[in-house]
Amino acid sequence: MFRKFAISYLVVLTPVLCQAPTRRPMAMPLQCASGDCSLLKGAPQTAGMRSGFVRLQTGATVGWHTTGKNEEMLVILHGQGAALIEGQQKCTFTAPAVAYIPPETRHNVENNGSEPLEYVYVVAPTAGK
């Protein structure tokens, strides 16, 4: 009886284990037809990190949001703008720059410059989450 159960158990689990995706190094161009496109989509592609490329026109914002228990980094590639953090002063930046958004923080990003603002965001789980 035990042997029969063990064989059935392996038959069921083997396809799942064999199909588990492998994370691999990759490179991709930062060319997106729209103003916002995903680059890394999290598991199983990564261990939990997500990222995307954003292009904001002058005067535009991404909208108020939070990344929950995840932290976020903005890598400003072109233009100027501000990270708006709820309850705090604007954090202004001009490319090249980096902005950090802590977990559990409601925020927005605005383009207050005269040309498109382009940046890559990286969202990752915090340690122990």
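Each reported figure results from applying straightforward, stated rules to the coordinates on display, with no laboratory input. Since the structure is predicted, the reported quantities are computational estimates derived from the model, not experimental observations. Cβ placement follows ideal geometry from the backbone for every residue including glycine, while neighbour counts extend to all protein chains displayed.
Taking other C-beta atoms within 10 Å as the exposure proxy, HIS65, HIS107 rank HIS65, HIS107 from fewest upward. Can you give me the C-alpha center-to-center distance between the stretch 75-104 and the stretch 41-63, rounded to a whole angstrom? When both Cα centres are located, 14 Å separates them.
Counting only Cα atoms, I'd like the Rg/Rh figure for the stretch 35-129, Kirkwood definition for Rh. Show your work: numbers first, answer last.
Details: Rg = 13.0 Å, Rh = 13.4 Å.
That ratio equals 0.97.
Residues whose amide H lies under 5 Å from that of THR105, counting only those 5 or more places away or on a different chain, are THR67, GLY68; hydrogens are built 1.01 Å from N in the peptide plane.
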